[in-house]
Amino acid sequence: MYPNIKHAIFQPCENEIMVLIHFHLKNPIMVGKKKQQDIQFFTEVIDASQAVDAGKRSMYDPDEMDDEQRERQLRKRLNEAFKDFCRKVEQVAKKNGYSLEFDIPYRDLGFSGNPHKEMVFIQPTLNCLCNLTETPFFVVDLSNVDHVHFERVTFMSKAFDMVLINKDFTKQPWRVDMIPNEDKDAIQEWLTDMEISYTEGPMNLNWKQIMSTVDGDDRFYMDTEEDEVTPKEAGWEFLRMFGKDGDGDSAGSGDDDSGYSENSGDEESEEEEEEEEEAFDSEEESESDYDADEDLEEQGMDWDEMEREAAADDRRRKRDGADVEESRPKRRNRRR
């Protein structure tokens, strides 16, 4: 039995309703009439459902406080009993020449998701990613994960999907849907610590087609085609939707600049000529203004003389206007 155990997990009842020991096997065994790859032993600490009577109980009720005290003591006693059992199993395995260690899930790194048909709390361990409190069980061996891709990562969505790609490209990836966006940074930090690469994109992908294409590519992890000259994206880089646009724009701008410098010398000369003409026109306008100022300076008129000349001009205009008004009725009389 010991050689067939792939993962042994001990999950204490911290915030759960049960304490359990879970064995994920390498090869399934017959339990009853079905093959099972996951074997679990558990004990419920509290009832999953409680009957609510009509009477109200106060938070200071002595009976309720006694129930809570008994529950805490039962949790502690069961955790110690299961922990002691795990320790004994490890000792027996070591005496028989087998290496067996029980993993404990990291609850602080856990997140909510939907691996099957309902939302559950998924927790990572040292060697796997699992949910053991709901059936069917969800256990993913991290040593079999080649890459992780995040789908539906947009600023508008409140949740995203996580796809764990198997190293065996003939098998379909594992999925965990509807993960809250608040957990994305923590998951990515955990993947970085586990040295698992990841990418993200805004849409769902057809993984059946992708895996069939990748499985038939002998140079999937190479950065060149079969001729070893033509460059291509190595590995899962083609899934990296974000970050390409900026790089492509910068590269494209560099290509445009090189093409511009090589093939558009005539356009540069035309633009230079237009700039020179505009500069020449602006210089002529400034020179005309400067000449008008020089004419005033050459006349040698001070402010008093200019005011007297302006007043004489005003009187001249008024006199001319009065002559025009006097001449108008005479013209009308002549027409009559």
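Using a simple spin-label model with points 7 Å from Cα along the Cα→Cβ vector, what separation in nm is obtained for Ala234 and Asn181?
Between Ala234 and Asn181, the simple spin-label model gives 3.4 nm.
For Ile46, project a label point 7 Å along Cα to C-beta. Then give me every residue of segment 124-145 with its amide nitrogen under 20 Å of that point.
132-134
Students often check this: by mean Cβ neighbours within 10 Å, which of 122-134, 1-13 ranks highest, and how do the rest follow? It would help to have the intermediate numbers written out before the result.
On the way: 122-134: 20.7, 1-13: 17.7.
Those peptides, ordered most packed to least, come out 122-134, 1-13.
Calculate the spin-label point distance for Arg308 paired with Arg77, positioning each point 7 Å from the Cα along the beta-carbon direction, and give it in nanometres.
Roughly 12.4 nm, to one decimal.
If I model a spin label at Asp218 and Lys94 as a point 7 Å from the Cα along the Cα→Cβ vector, what separation in nanometres do I get?
A separation of 4.9 nm, rounded to one decimal place.
Taking the Cα centre of each part, how many Å lie between segment 109-146 and segment 172-199?
12 Å
Quick check: from the Cα gyration tensor, does segment 1-145 come out rounded (a/c under 1.5), prolate or oblate?
prolate
Report, in listed order, any pair from Lys6/Lys95; Lys34/Lys76; Lys26/Lys117; Lys83/Lys167 with a Cα-Cα distance greater than 28 Å.
Beyond 28 Å between Cα atoms: Lys34/Lys76; Lys83/Lys167.
Give me, ordered by chain and number, the residues 5 or more places off Asp103 or on other chains with an amide H under 5 Å from its own placed amide H.
Long-range HN contacts for Asp103: Ala8, Ile9, Phe10.
Only four residue types carry charge here, +1 at the Cβ of Lys and Arg and -1 at the Cβ of Asp and Glu. Report the dipole size of segment 56-199 about the Cα centre in Debye, rounded to the nearest 20. Kindly include the intermediate steps, with their values, before the conclusion.
Numbers: 20 positive and 27 negative charges, 91 e Å.
For segment 56-199, the charge dipole is close to 440 debye.
What's the ranking of 154-166, 83-95 by average number of surrounding C-beta atoms within 10 Å, highest first?
Packing order, densest peptide first, comes out as 154-166, 83-95.
Read-outs: derived from the displayed coordinates by stated rules, not from any lab. Please read these numbers as outputs of a predicted model, since none were measured by experiment. Backbone-built Cβ (ideal geometry, glycine too); neighbour counts: all protein chains shown.
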